[in-house]
1. Considering each residue of segment A:616-631, count those that are crowded, with 17+ Cβ neighbours inside 10 Å and under 16 Å from residue A:604 (Cα atoms), and give that number.
2. Which fully enclosed strands (runs of 3 or more DSSP E) of segment A:705-824 have 3 or more residues being more than 14 Å from RNA strand B (Cβ to nearest atom)?
3. Only one of (1) surrounded by 19 or more Cβ atoms within 10 Å (Cβ to Cβ); (2) part of a helix (DSSP H, G or I); (3) modelled with pLDDT under 95 fails for residue A:55. Which number is that?
4. Show me the strands (runs of 3 or more DSSP E) found entirely inside segment A:298-414 where at least 1 residues are more than 14 Å from RNA strand B (Cβ to nearest atom), touching a helix residue (DSSP H, G or I) at 6+ places or on another chain (Cβ under 7 Å) and at negative phi.
5. Go through A:305, A:298, A:320 for me and flag whichever is over 41 Å from the mean Cα position of the chain (by Cα) and under 27 Å from residue A:173 (Cβ atoms).
6. As an exercise: evaluate residue A:559 against (1) within 27 Å of residue A:539 (Cβ to Cβ); (2) modelled with pLDDT of 95 or more; (3) out of contact with any strand residue (DSSP E or B) (no Cβ under 7 Å at 6 or more places or on another chain) and give the number of the one condition it does not meet.
7. Mind listing whichever residues of segment A:197-228 are surrounded by fewer than 14 Cβ atoms within 10 Å (Cβ to Cβ) and away from RNA strand B (no atom under 15 Å from the Cβ)?
8. For residue A:75, work out the one condition from (1) surrounded by fewer than 21 Cβ atoms within 10 Å (Cβ to Cβ); (2) farther than 25 Å from residue A:679 by Cβ it doesn't fulfil.
RNA sequence: GCGAGAGUGGUGAAAUUGGUAUACACGCUAGAUUUAGGAUCUAGUGCCGCAAGGCGUGGGGGUUCAAGUCCCCCCUUUCGUACCA
């Protein structure tokens, strides 16, 4: 039989489709299910190497889980709203809806050619009303709970894309999508109050042992929880309280000035006078025009202006200068900081520049005092409190607690937890997104659209180009509605939602994709959730992967889902680069299309090449050399094994006994079981490269001429194909049918290791002398030290190094090593 | 700056988690076969050395009978983050 991959691959893809092989059952056994999720795709029309890698990893696992007898859910869909579609549509002068629909078709048929085991009956697209109806429903639930709110404030604005961006979409001060420098803009915006979930989002990371540590660390840092105190300073000659947040209340006796962010609201309450007022106004203007990049640059060159006002430190009654400085962040804490130059490097730089006093209140320890006059930088570590009145002598964390407790007693402060995480800005002034289901009524204010009137359909308009406000605002037939509350004249909210809202709950919709009365059926979701394995790129670590956890928690609070966390295990595959290590991109012209590769070499060989060339979590530098070795293996070694079948119909659940097989046969049986174990382990770790090398060894050791037992021969071959099936599904399925089986190989049972076969009765171990390998000996597995010594000392090589030398010690580790320590 | 990874042959990479370093491939070198081959097969392939032997997992220390693996200090590199008080 010739290996004609084109024929084989087309044949089986068709058959799989006809028999709905990958259709997940509607009634799954919650104790025996496997939800295999890959991140749904943006339908750009072409599938690149990164997608290919992502999907074959999920595919191999889904197929193995099928063979393990699980009810497997392996769905796919389209993250179809968003800027790229709009941009592409503008470039080509077609409507985003048409462009997207067309591309979904192209992308789907391409993926079907790759033979990924997706359950296409559950396909969803976030831009279709039957899906976004429920995205709007989610918005309304959040709104009802006070978790969706509108506020005016400074937002990230991309001048190129003419829309607001979430903090998560700003990288290095630039728009993640187009690279344009982001500016601040004062806008009325919708937010999701994700900060209400900040604690749970941090704490529950500890319940996810199968998430990569780097992602958990990134999320922890992004959420940025810190423990400290909020302390009220007071304005001199005024009742005004000026609250500050600090993580170092133990340094509070060292405050020599205070600094207020230029945008901080409290600045307006200070009633500045005369020249100070003008100077501060000037400074504010200047700060606002500086870009984020400039302002966030960490330098020692801090600047600010004095307000002419003074604040009183509640601990010691000291009067300190009140400054405005743009190194203070308006959006964190209270927007005001107490400045302790001796113990904070930023305050130190500022104090030096403006000749503000520096006062030491912490010593590294009792016996090593700090000398202010010799300090060239702030001492920021913990230490012993000094010059701090009744708190002198207190140390580190205890000091912090006691100082804060005092503030609570005296009622001018309290313990306080703060987060770097900000509420999620979700309004977008763009056309191609999910409309916000809110109506603005002059009488009633913001009113949500009634749930029975969802979806608020996105009108298909001709002019969808961005112009600084939502293009929908210029569509009167969309905008002008009756208020759902009072029936009076009202207008819709013209913005659309961030696409990350659409992708925050898609994994739930897959489970019940056609439901028209609720977003999903709770019972059905309970059968398949949580996601057992979620595979995707690392890029979403602090965006989508926080958002979808937030949604899951919110839906749990509403009683829609039962788990706190959506995904038990997360796996980030490595990137695919070209052979020079450059990320593949159209502009660089170094894109290798997986489609071309598969047309030339076949899907299965392409999959093998991608799997074999590097472990799944590592970056791959793709080169056509990656294909050579595995192609030879597949075509010349693995596939031709079918010719060695002897039609003996072996019982694949059987475990052979030693006496049934010849010595060679039994050695192969041992090897087979070792390989079963290794391949299974490799699958658990998603390290398919080692699974393939194990299979290569097994096939290498196979020798038909030396096998007399027909049943064993076929057993070995069929197990080999079963083990290969998740990696090379078409090839394996072909042989399975050729061998005479009726059903799919993916309905057969994944091989289970015969443990008794891999317990060897003798073993070769190394003999070391003073830690250096000198010889090997073969000894029985349960050999005691005495017997091992006898064998070891028979060796000439060992004698050579031990004769005439004093033996100090012998270390014998059963099954591992024999080490002799000699003197000299 | 801070945080988290990574560093093993000419190359992609293995290493049962402290126990024979370099499995499996690519490449290369010989040879065989072939009209030819981007084919196949056989042998070799960490470095130094004729050999015995020595040296070898970024560098330097350490723990141990034994270290790629554990500890300390550096170097390089990737990713994340960026004045979070």
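1. Here the count works out to 4.
2. On the way: elements: A:762-769, A:772-780, A:807-813, A:817-822.
Ranges flagged: none.
3. Evaluating residue A:55 over (1) surrounded by 19 or more Cβ atoms within 10 Å (Cβ to Cβ); (2) part of a helix (DSSP H, G or I); (3) modelled with pLDDT under 95 leaves (3) as the failure.
4. Working: elements: A:304-312, A:319-325, A:336-339.
By residue number, A:304-312.
5. Values: A:298 fails: over 41 Å from the mean Cα position of the chain (by Cα); A:320 fails: under 27 Å from residue A:173 (Cβ atoms).
Unique residue meeting the criteria: A:305.
6. If we test residue A:559 against (1) within 27 Å of residue A:539 (Cβ to Cβ); (2) modelled with pLDDT of 95 or more; (3) out of contact with any strand residue (DSSP E or B) (no Cβ under 7 Å at 6 or more places or on another chain), just (1) comes out false.
7. A:199, A:203, A:206, A:207
8. The one condition residue A:75 does not meet is (1).
The values are calculated or read from the model by the stated rules, or taken from the named source; none is laboratory data. Just so we're clear, the structure is a prediction, and the values are computed from it rather than from any experiment. Methodologically, a virtual Cβ is constructed for each residue, glycine included, from the backbone with ideal geometry; neighbour enumeration extends over all protein chains shown.
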